[in-house]
Amino acid sequence: GTYERDESRSLSGLDTVLLTDSLGISALRTFGADNPLEQRSSSDSGSASVSYNRPLGAFQLTATADASLTDSTTQIDLRADTSALVALITTNTKSAASKATLQGAALLLPAGEVNLTADLGYDWNDINGADSRTDVATDLTRGNLNGGLNLSVPVTSTREGFLGAVGDVSLNLSGGFD
């Protein structure tokens, strides 16, 4: 597993406002010329993974699982003509992924072994956030089931001596879903 902390600060220029009087005369004013607008961000991330391998008859089974969690906060100085002085944005992201893969020789043909690889997985994401500038909260959750199958069929083989004059020819079939 891993843990990561990230902090950043960026400057967004001076806080200026255009003032206009009743006669239409305008003047550009700067507030806090020695103190530019800032954006301050911090983020904490953690992740972990696990893997499992074992033979399963003529096949090799591999299963993996990964998970991560990120929590971030951003503070943005707002310009003086807005009602608030600081906007606060918070985000919490969680994700998990798992996959199982089965690989091996499915059967033996005169030209060699038919190799099969099959996998099945699931990915999950959850995003929660809030922004004080809009008073709108975000809550998004998404899951994705995925899988695939690959079949490699030897048609001719110089090594196995099956129609070797033709050379090595194989047929590869694959498909998947997401």
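Tell me, which residue of region 15-42 that is open to solvent by less than 80 Å² (accessible area, probe 1.4 Å), free of Cβ contacts under 8 Å to residues at least 24 places away in the same chain and not charged (D, E, K, R) is farthest from residue 78 (Cα to Cα)? Taking the candidates together, the pick is 24. Which of the following residues is open to solvent by less than 70 Å² (accessible area, probe 1.4 Å) and within 29 Å of the chain's Cα centre (by Cα): 129, 167? Of 129, 167, the one residue that is open to solvent by less than 70 Å² (accessible area, probe 1.4 Å) and within 29 Å of the chain's Cα centre (by Cα) is 129. Pairing each residue of region 59-85 that is more than 17 Å from residue 134 (Cβ to Cβ) and modelled with pLDDT of 80 or more with any residue that is aromatic (Phe, Trp, Tyr) and open to solvent by 40 Å² or more (accessible area, probe 1.4 Å), provided the two are 6+ apart or on different chains, yields C-beta distances under 7 Å for 63/52. You will find that of 91, 101, the residue that is among the β-branched types (Val, Ile, Thr) and under 18 Å from the mean Cα position of the chain (by Cα) is 91 and no other. Checked against the criterion of being open to solvent by less than 70 Å² (accessible area, probe 1.4 Å), small (Gly, Ala, Ser) and either at negative phi or in a strand (DSSP E or B) (or both), region 51-63 has at least one qualifying residue. None of 46, 1 is open to solvent by 80 Å² or more (accessible area, probe 1.4 Å) and either under 25 Å from residue 143 (Cβ atoms) or touching a Phe, Trp or Tyr at 6+ places or on another chain (Cβ under 7 Å) (or both) except 1. Residue 119 meets the stated requirement of being closer than 18 Å to residue 149 by Cα and among the acidic types (Asp, Glu).
Of note, residue 159 satisfies the criterion of being out of contact with any Lys or Arg (no Cβ under 9 Å at 6 or more places or on another chain) and more than 30 Å from residue 99 (Cβ to Cβ).
Pairing each residue of region 150-171 that is touching a residue at least 40 places away in the same chain (Cβ under 8 Å) with any residue that is in a loop (DSSP other than H, G, I, E, B) and surrounded by 15 or more Cβ atoms within 10 Å (Cβ to Cβ), provided the two are 6+ apart or on different chains, yields C-beta distances under 6 Å for 154/111; 155/111; 156/111; 156/163; 157/111; 157/168; 160/111; 162/111.
A quick yes/no check of all residues on (1) of a type in the set (Lys, Arg); (2) surrounded by 12 or more Cβ atoms within 10 Å (Cβ to Cβ):
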{"site": "115", "(1), (2)": "no, yes"}
{"site": "133", "(1), (2)": "yes, yes"}
{"site": "147", "(1), (2)": "no, yes"}
{"site": "158", "(1), (2)": "no, yes"}
{"site": "176", "(1), (2)": "no, no"}
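Taking region 135-145 as the range and being of a type in the set (Val, Ile, Thr) and open to solvent by 70 Å² or more (accessible area, probe 1.4 Å) as the test, the residues that pass are 136, 141. When residues in region 1-42 are screened for being outside any loop (DSSP other than H, G, I, E, B) and closer than 26 Å to residue 89 by Cβ, 20 of them pass. The strands (runs of 3 or more DSSP E) found entirely in region 104-178 include none that carry 2 or more residues being basic (Lys, Arg) and modelled with pLDDT of 95 or more.
The values are calculated or read from the model by the stated rules, or taken from the named source; none is laboratory data. Because the structure is a prediction, the values reported are computed rather than measured. Heads up, the Cβs are rebuilt from the backbone with ideal geometry, glycines too, and the neighbour counts pull from every protein chain shown. Ligands, DNA and RNA are stripped out before the accessible areas are found, and what is left, the full protein with its side chains, is counted by its heavy atoms. Shrake-Rupley method; radii C 1.70, N 1.55, O 1.52, S 1.80 Å.
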